[in-house]
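Visitor: Encoded as structure tokens, here's the structure I'll be asking about.
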Amino acid sequence: MAGNWKMYKNPQETVEFFERFKLLLGEGHQCQVVFFPAAIDIPAAVHSTEGTAISVGGQNIYWAKEGAYTGEISAAMLHAAGATWVLVGHSERRHHVAHETDADVLKKTQAALSAGLTPVVCVGERLDEHKAGKAHEVLVRQFAGGIAGLTEEQFAQIVIAYEPVWAIGTGQTATPQIAAEAHQLIRSETEKRFGEDAAQSVRILYGGSVKPDNIRGLMHEPEIDGTLVGGASLDPESFVRIIEAA
């Protein structure tokens, strides 16, 4: 169960969040929990979760190890700051922030793996593509360009997140059936490229307006291995309810 904080919270707010979150979460859950705070909050998040099973990741990296790339952060820098995960190819970076291509996603995924980070590689269709019935086409293209170029060993170390762009921050959520069908397609593409074992073992998360009131329906689908939560992960009570329901 992953929480993407996007551009919210400062370091002090991060510390206050985890003080409350750790008290609420307890030890009874059986989920792997990962947070993706803003880069400036990573040291505070790492310190606040020290000694717990909670992991911390970055929201983005650049594929080069170092260089004249103002404003960018390398995978090695992120790892040195204590992060162990990273988001790659989030729809907001693909379509709004940096117009990342599938080729960019592949290079960033490879860079993350080389630095010892676990990348969560995001795929998903826009609203116009969804309405035009092109979701299948988009997912196949994104898999081919951003994931299929990995080696079998590299692929075994990644997590995939299906996040329909039309459901992110809109209040709309893909029905459990729509989400499951997309996950099945991703597993099918995985089997074609990496084999049946890889298709069965890869973890695929759903992301798109996940909330406490819709998590149970989503997690009832065997194809859905977890969720990438946005706004609902900013509130400790809300995110704990999602984890407990899962």
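Visitor: Read phi for every residue in region 85-98 and hand back ³J(HN,Hα) as whole Hz from Karplus 6.51 cos²θ - 1.76 cosθ + 1.60, θ = phi - 60°, with x for Gly and Pro.
Guide: Calculated HN-Hα couplings, in order: 10, 7, 7, 10, x, 4, 4, 5, 7, 5, 10, 10, 8, 10 Hz.
Visitor: Further, regarding this structure: At 0.36 nm per residue, minus the direct Cα-Cα distance, what do Thr118 and Thr70 gain on full extension? Give it in nm, one decimal, please.
Guide: Numbers: separation 48, 0.36 × 48 = 17.28 nm, distance 2.42 nm.
In short, 14.9 nm is gained.
Visitor: Rounded to the nearest 0.05, what FRET efficiency do Thr151 and Tyr8 have when you use their Cβ-Cβ distance and R0 = 30 Å? Mind dumping the intermediate values first?
Guide: Details: r = 36 Å, r/R0 = 1.19.
Rounded to the nearest 0.05, the efficiency is 0.25.
Visitor: Under the Karplus relation 6.51 cos²θ - 1.76 cosθ + 1.60, θ = phi - 60°, what is the ordered set of whole-Hz ³J(HN,Hα) values for region 65-74, x standing for Gly and Pro?
Guide: 6, 6, x, 7, 10, 3, x, 9, 10, 7
Visitor: Using just the helices of the chain, give the 222 nm mean residue ellipticity in deg cm²/dmol: DSSP H runs with n ≥ 4 each add -39,500 (n - 2.57), and the total is spread over all residues, rounded to 500.
Guide: On the way: 11 runs with 102 residues, N = 246.
It lands at -12000 deg cm²/dmol.
Visitor: Next question, about the same structure. Round to the nearest 0.05 the FRET efficiency obtained for Gln30 and Asp128 when R0 = 25 Å and r is the Cβ-Cβ distance. Don't skip to the end; give the middle numbers.
Guide: Details: r = 39 Å, r/R0 = 1.56.
Once rounded, the FRET efficiency stands at 0.05.
Visitor: In debye, nearest 20: dipole of region 2-245 around its Cα centre with unit charges on the Cβ of K, R (+) and D, E (-)?
Guide: With Lys and Arg at +1 and Asp and Glu at -1, about 300 debye.
Visitor: Cα-Cα over 21 Å: which of Lys6/Lys131; Lys131/Lys192; Lys9/Lys211; Lys6/Lys65? Kindly include the intermediate steps, with their values, before the conclusion.
Guide: Details: Lys6/Lys131 27 Å; Lys131/Lys192 27 Å; Lys9/Lys211 19 Å; Lys6/Lys65 24 Å.
Checking Cα-Cα distances, Lys6/Lys131; Lys131/Lys192; Lys6/Lys65 exceed 21 Å.
Visitor: Same structure again: Find which of Val120, Gly169, Val33 sits farthest along the positive direction of the dipole of the chain, computed with +1 on the beta-carbon of Lys and Arg, -1 on that of Asp and Glu, about the Cα centre.
Guide: So the residue we want is Gly169.
Visitor: Another question, then. I need the peptides 62-68, 89-95, 209-215, 45-51 ranked by packing, meaning the mean over residues of other C-beta atoms within 10 angstrom, with the highest value on top.
Guide: Details: 62-68: 12.6, 89-95: 22.3, 209-215: 19.7, 45-51: 16.7.
Per-residue mean Cβ counts within 10 Å order the peptides as 89-95, 209-215, 45-51, 62-68.
Visitor: With a sphere of radius 15 Å drawn around the Cβ of Val123, what net charge do the other residues whose Cβ falls strictly inside it have (Lys, Arg +1; Asp, Glu -1)?
Guide: Taking every other residue near Val123 into account, the sum is -3.
Visitor: For a protection proxy built on the mean count of beta-carbon atoms within 10 angstrom, sort 105-114, 152-161 highest first, please. Write down the numbers at each step before the final one.
Guide: Numbers: 105-114: 22.0, 152-161: 17.7.
Highest mean packing first, the order is 105-114, 152-161.
Visitor: I would also like to ask the following. Exposure proxy check: Glu163, Glu137 ranked by fewest other beta carbons within 10 Å? Walk me through the intermediate numbers first.
Guide: Values: Glu163 28, Glu137 12.
Starting with the residue having the fewest Cβ neighbours, the order is Glu137, Glu163.
Visitor: Need the C-alpha centroid separation for region 147-198 versus region 1-39, integer Å.
Guide: Value for the Cα centre distance between the two parts: 24 Å.
Visitor: Please order Phe194, Phe36, Phe239 by the number of other Cβ within 10 Å, starting at the fewest.
Guide: Numbers: Phe194 20, Phe36 29, Phe239 23.
Ascending number of Cβ neighbours within 10 Å: Phe194, Phe239, Phe36.
Visitor: With Rg/Rh (Cα atoms, Kirkwood Rh) defined as stated, name the option among (1) 0.94; (2) 0.96; (3) 1.40 computed from the structure displayed.
Guide: Given (1) 0.94; (2) 0.96; (3) 1.40, the structure-derived one carries the label (1).
Bear in mind these aren't lab numbers, they're just calculated from the coordinates by the rules spelled out. Since this is a predicted model, take the numbers as computed values, not measurements. Virtual Cβ from ideal backbone geometry, glycine too; neighbours counted across all protein chains shown.
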